[in-house]
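To start, the structure under review is shown below, and the notes come after it.
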Amino acid sequence: MFDLAYFSQTLVNGLSVGCIYGLIGIGFCVIYNASGIVNFAQGAFVMLGGMITYVLLTTLHLPMIVAGSIAIIVVALLGVLIERIVVRPLWDRNATMFVMILATLAVQIVIERTTLILVGDQPKSIPVFTDLPPIRIGGVSIGYQTLWIIGVSLVLIALLALFFQKTLVGRAMRACSINREAAALQGIPVSRMLALSFALSAALGAIAGILLTPTQFTAFNVGTPFAISGFIAAIVGGFGRPFGAFLGGIALGLAQALAVFGLGSGLKNVAALSVLLIFLFLRPSGILGAAK
Amino acid sequence: MKTVRVLSIATSLAAAAAFTTAAQAQEVYKIGVSAGLTGYAAAVDRAWRDGLEVAVEYVNSKGGIMGRKVQLIVEDNKSEPQEAVTVYRKMIGSDKVDIFISGCVSAGNFAAAPFVTRAQIPMMLCSILPPQPDQVKWAFSFLAPPRFEVETRYAYLKDKTQIRKVGVLHDPSPYANLQKDIAVKSAANFGIEVPVVEQYKTDDADFSPQLSKMNAAGAKAVMKIGLGGSTLTVAKNIKQLGQDTLLLGSVDDLAVFKPAGETLGPQFLFVAAPAQIYDALPDGALKQEIGRFLPLWRAKQGDRDPFWAGKAWDALMVTIAAIERAKSFEGPKVRDAVETISAFQGTGGVYNFSPTVHQGITENPFFLATMVGGKVQVK
């Protein structure tokens, strides 16, 4: 017999994890829009967001809001550092997309190994932001952390839209993504925009990490699976479209949850990715169409 | 003339160096370790590696094995069978190891077993035994039979609770699959029903869909079969969903149990090994053996979980006993001797090997426990 409460719970579960995939996907889009680079170190930013917050909470006993804010700033600065010492030299030499991907993958591994050396291999977690029992609507439970994830994601989407459409810097970044040479001729500091895009993308990754770690754990090696899910979200949504990436993440999260509902978790990724592949066959440019 | 003399001296030195190296190589007993130092098995296999290092240091400080110093050669298989094949081949071909004392990545040990068997090198394993009889001949497992972990949890549910429906959540590793099959088949013996069996990937970010499914099917307990941080994620998801479900974890590291216990409190129970409840153990041979290892471990690792490291200690101690019994370092003779070792007290229990039993632990050494105030408490 069809269990409506269970089905509704499945949708809520899918939505919650989908928002995280979407946030990570947005990080891919921000850098891609400013530079045309696909940054595979995005998962490392997610891991670092949760890990640095954990370290600050447990060693300095800072309040969550302070620890999280410091973590976001540190990861954003790390994003700029990576842009300066890894990406920029390659970018200036007109390295191909494949070289860039390899370089960012190498960065991911370096960050993973460094984290392993510094904090060890054991799983770590941080407390939920609001430690209350979940809200119950009918037979559906909605945890407060889920509300935090969905709420912060929506606020970030709105802020990003405002940033890219209304602010001079945001429009300059978009101009760089459309035509780097033309943007430079217009006096836009293209290299500074690249650094800014890395900072923004890293900060978004860190926020995703801080939001999701209370619902699971973080460890030196959790970044890669998140990077893969975020990358899929970005492609399904239409690569380069931040809001599309968010929708793509939700589509992936829902598809996975519904696959467990209908087929069992052994086939979760097979079923979810098959559905998304079929969707991409029908609409190769993704939900919103790829950015130009 | 001068040139000839210089060449002559150089040749003599090179010959002497080669002779010395050969002599030293003869005096070293090489142990190969294929371990998942990264990947899903990292927490356990790093402890296994670290436990071996403590054991080797101890053995070498006592003069080695029959006069030979022990040398560890550790390779990271990244918790992947393909990588395991590569590192096993390297340790056989290049390092010429005498024995393997390898970690818990079952699939990796299975993948390498055919050519390790051909090389006639004994394998002392943290994992379950490979499936083929000719490979089992060369492999010895220090892991307790998977049914013990299942039975410990079912017995608790039957004797101490009214819960009669259990969801099984397992990872895809051979060991977890074996436990899952046992859990499904043996449930009825305890008056328990398993309405849902779900598999997960070790890097899954969320188990809410699986937990919701189990809850919808009436399962009031989740038997989680698998290692690593995923247990913590399951605990957090149960709390997020506001379920009153019991979470029954597998044998794992205390570093996983502590945060899971903090998250779920008395709803989280787990299978605990003797070394994890040392203070609560009655006096006897088991406590004595753990007490031999524990100070050495704590001197290096502080309050880190000693269980898996203790298993590695056991594996080396059984190896030494076999070498001394065989009076030989040769693989076939050591293999034959391991089969004669029984009633051997280790930190993980009593090992009883024989020609037909290569999984040494034959009596259930486990307890069901929970975390109270950051400390393990036996239920």
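Taking the stretch B:53-88 as the range and being under 17 Å from the mean Cα position of the chain (by Cα), among the β-branched types (Val, Ile, Thr) and open to solvent by 30 Å² or more (accessible area, probe 1.4 Å) as the test, only B:Val74 passes. Being at the interface with chain A (Cβ under 8 Å from one of its Cβ atoms), open to solvent by less than 30 Å² (accessible area, probe 1.4 Å) and polar (S, T, N, Q) is a condition met by no residue of the stretch B:180-188.
For the stretch A:1-28, residues that are of a type in the set (A, V, I, L, M) and either within 10 Å of chain B (Cβ to nearest Cβ) or more than 20 Å from A:Gly238 (Cβ to Cβ) (or both) total 7. Which ones in the stretch B:204-233 are farther than 21 Å from A:Ala272 by Cα, more than 7 Å from chain A (Cβ to nearest Cβ), touching a strand residue (DSSP E or B) at 6+ places or on another chain (Cβ under 9 Å) and among the aliphatic types (A, V, I, L, M)? Those that are farther than 21 Å from A:Ala272 by Cα, more than 7 Å from chain A (Cβ to nearest Cβ), touching a strand residue (DSSP E or B) at 6+ places or on another chain (Cβ under 9 Å) and among the aliphatic types (A, V, I, L, M): B:Ala217, B:Ala219, B:Ala221, B:Val222, B:Met223, B:Ile225. Scanning the stretch B:150-162 for residues that are open to solvent by 10 Å² or more (accessible area, probe 1.4 Å) and under 16 Å from B:Glu363 (Cα atoms) yields a total of 3.
Among the residues in the stretch B:248-261, are any touching a residue at least 12 places away in the same chain (Cβ under 8 Å), open to solvent by less than 10 Å² (accessible area, probe 1.4 Å), of a type in the set (S, T, N, Q) and in contact with a Pro (Cβ under 9 Å, 6 or more places away or on another chain)?
Looking for residues that are touching a residue at least 12 places away in the same chain (Cβ under 8 Å), open to solvent by less than 10 Å² (accessible area, probe 1.4 Å), of a type in the set (S, T, N, Q) and in contact with a Pro (Cβ under 9 Å, 6 or more places away or on another chain), one finds none in the stretch B:248-261, hence no.
Pick from A:Gly262, A:Gly266, A:Gly248, A:Gly230: which is of a type in the set (Gly, Ala, Ser), within 14 Å of chain B (Cβ to nearest Cβ), surrounded by 19 or more Cβ atoms within 10 Å (Cβ to Cβ) and closer than 26 Å to B:Ser208 by Cα?
A:Gly230
Among residues that are more than 16 Å from A:Phe45 (Cβ to Cβ), within 11 Å of chain B (Cβ to nearest Cβ) and assigned to a helix (DSSP H, G or I), A:Pro225 is not included. Going residue by residue through the stretch A:151-170, is there one that turns out to be at the interface with chain B (Cβ under 10 Å from one of its Cβ atoms), surrounded by fewer than 16 Cβ atoms within 10 Å (Cβ to Cβ) and outside any helix (DSSP H, G or I)? Checked against the condition, which is being at the interface with chain B (Cβ under 10 Å from one of its Cβ atoms), surrounded by fewer than 16 Cβ atoms within 10 Å (Cβ to Cβ) and outside any helix (DSSP H, G or I), the stretch A:151-170 yields no hits at all. Using the structure shown, decide if B:Val318 is touching a residue at least 60 places away in the same chain (Cβ under 8 Å), under 16 Å from the mean Cα position of the chain (by Cα) and surrounded by fewer than 23 Cβ atoms within 10 Å (Cβ to Cβ). The answer is yes for B:Val318. Within the stretch B:262-291, the set of residues being within 12 Å of another protein chain (Cβ to nearest Cβ) and either modelled with pLDDT of 95 or more or in contact with a Leu (Cβ under 8 Å, 6 or more places away or on another chain) (or both) comprises just one member, B:Thr263.
Among residues of the stretch B:72-83 that are in the same structural domain as B:Asp45 (by TED's automatic domain parsing), those with a beta-carbon under 8 Å from a residue that is open to solvent by 40 Å² or more (accessible area, probe 1.4 Å) and of a type in the set (Asp, Glu) at least six positions away or on a different chain give the pairs B:Leu72/B:Glu53; B:Asp76/B:Glu83; B:Asn77/B:Glu83.
Scanning the stretch B:98-118 for residues being open to solvent by 10 Å² or more (accessible area, probe 1.4 Å), in contact (Cβ under 8 Å) with a residue 40 or more places away in the chain and of a type outside the set (D, E, K, R) gives a total of 3.
Assessment of the stretch A:44-55 against the conditions (open to solvent by less than 40 Å² (accessible area, probe 1.4 Å), more than 13 Å from the chain's Cα centre (by Cα) and more than 14 Å from chain B (Cβ to nearest Cβ)) yields at least one matching residue.
Quick check on my filter: what residues within the stretch B:344-377 are of a type in the set (A, V, I, L, M) and farther than 22 Å from B:Gly51 by Cα?
B:Val357, B:Leu368, B:Ala369, B:Met371, B:Val372
Only residues that are surrounded by fewer than 18 Cβ atoms within 10 Å (Cβ to Cβ) and small (Gly, Ala, Ser) were counted across the stretch A:56-90, and they come to 1. Figure legend. Inter-residue proximity from the stretch B:321-333: first residues open to solvent by less than 30 Å² (accessible area, probe 1.4 Å), second residues among the polar types (S, T, N, Q), beta-carbon distance below 7 Å, spacing 6+ or different chains. Indicated pairs: B:Gly331/B:Gln120. Answer yes or no: is there a residue in the stretch A:115-131 that is facing chain B (nearest Cβ under 10 Å), open to solvent by 80 Å² or more (accessible area, probe 1.4 Å) and within 22 Å of B:Ala47 (Cα to Cα). No: zero hits.
Restricted to helices (runs of 4 or more DSSP H) entirely inside the stretch B:126-231, those with at least 3 residues that are at pLDDT 95 or above and more than 23 Å from A:Gly143 (Cβ to Cβ) are B:146-160, B:174-186.
The values are calculated or read from the model by the stated rules, or taken from the named source; none is laboratory data. It should be emphasised that the depicted structure is a prediction, and the values quoted were computed from it without experimental measurement. Positions of Cβ are backbone-derived with ideal geometry, glycine not excepted, and every protein chain shown enters the neighbour counts. For the accessible areas, the whole protein counts, side chains as well, though only heavy atoms, and no ligand, DNA or RNA atoms are used. Shrake-Rupley method; radii C 1.70, N 1.55, O 1.52, S 1.80 Å.
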